[in-house]
Amino acid sequence: MKKQHISRYLRQTMIEGFDQSKLSDARVLVCGIGGLGSAVTFYLAAAGVGEIIMVDRDKVEETDLNRQILHFTHDIGRYKVVSAYDKLREFNPEIKLNPIPANLNESLLRSLPHPDVIVDALDNLSTRFILNEFAVNNNIPLVHAAVEGFEGRITTILPHRTACLACIYQGVPSPRTFPIVGVTAGLLGVIEATEVIKLLTHMGQLLLNKLLFIDLQSWDFDIINIEADPSCAVCGANGRKR
């Protein structure tokens, strides 16, 4: 990892017990550089995470610009990971950025350097399930968030210690274009980044076996306790038999 100037991170290192080296030595894989991923990568770069791998096959469209804050009008038509790379490289030149404009699948995931944490910033459940299975099989923590309209949900998965996505979600809904306001993706992305920082620095409580629901219209923040499914085909007894 690149050498970091500690003065850049002085305000966070003033927190008792905060070890900047745990961030500077870390590698985080962010899957999806849209609304969630823009906020996640921006704040992980700000915190000084040593390496951020960004995977997204899509190019910037005009309809993305209400929520995907790393992409500007002149980026329309460019790959999202390239657009994000340009902003983040200028924002924090001390970290390593690895943009990958490719379809996320099991083969690609196996080819990547082993990450310390994976962030699910995707927008469809079928691809999330691929990411979930990879994280569980390789014992990599996974931070998951999903958004729609003014609502969002988030949880953190520690393989074989907590419920995984296959325990939580049943079936795969048909692909669709869903409504969303930008602030929802921004807030949930910031919370995802917070979970990553807490995971890496071993500070604070995580959303383990807890699903945080947020409704920005009513300002309701509810935490639902969840449990791993013993018969889950990914993380349960059925999964371990494969």
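The values are calculated or read from the model by the stated rules, or taken from the named source; none is laboratory data. None of the values given here were measured: they were computed from a predicted structure. Don't worry about glycine lacking a Cβ; one is built from the backbone with ideal geometry, like all the others, and counts go over all protein chains shown. Surface accessibility is based on the protein's heavy atoms, side chains included, excluding ligands, DNA and RNA. Shrake-Rupley method; radii C 1.70, N 1.55, O 1.52, S 1.80 Å.
Before moving on, here are some points about what is shown:
- Size of charge dipole - the chain - debye, nearest 20, with Cβ of Lys, Arg +1 and Asp, Glu -1, no other charges: 720 debye
- Counting only DSSP H runs of at least 4 residues, each contributing -39500 (n - 2.57), and dividing by the residue count of the chain, the helix-based mean residue ellipticity at 222 nm comes to -9500 deg cm²/dmol.
- The 3J(HN,Hα) values that the Karplus relation (6.51, -1.76, 1.60; θ = phi - 60°) gives for the range 6-21 are, in residue order, 4, 4, 4, 10, 4, 5, 7, 6, 6, 6, 4, x, 6, 10, 4, 5 Hz. Gly and Pro appear as x.
- Expressed as a whole percent, the accessible area of the range 38-160 that falls on carbon and sulfur atoms is 48 (1.4 Å probe).
- Carbon/sulfur fraction of accessible area - the range 182-242, other protein chains in place, 1.4 Å, %: 56 percent
- Choice from Ile191, Ile226, Ile33 with maximal GNM fluctuation in the chain (Cα, 10 Å cutoff): Ile226
- Rolling a 1.4 angstrom probe over the protein heavy atoms with all chains in place gives the range 9-131 an accessible area of 44 Å² per residue.
- Against the criterion of solvent-accessible heavy-atom surface with a 1.4 angstrom probe, Met54, Met14, Met203 sort, most first, into Met14, Met203, Met54.
- Rounded to the nearest 5, the antiparallel percentage of DSSP beta bridges internal to the range 70-213 is 65%.
- Neighbourhood net charge (10 Å Cβ-Cβ; Lys/Arg +1, Asp/Glu -1) for Ile214: -3
- Rounded accessible area of Asp19 (nearest 10 Å², 1.4 Å probe): 60 Å²
- Restricting the range 185-233 to GluC sites (Glu not before Pro) that sit in a DSSP loop and have at most 10 other Cβ atoms within 10 Å of their own Cβ leaves Glu227.
- Choice from Leu23, Leu112, Leu188 with maximal GNM fluctuation in the chain (Cα, 10 Å cutoff): Leu112
- GNM on the chain, alpha-carbon springs under 10 angstrom: the most fluctuating residue among Ala121, Ala146, Ala185 is Ala146.
- Extension gain for Arg78 to His114 (0.36 nm times residue separation, less C-alpha to C-alpha distance): 10.2 nm.
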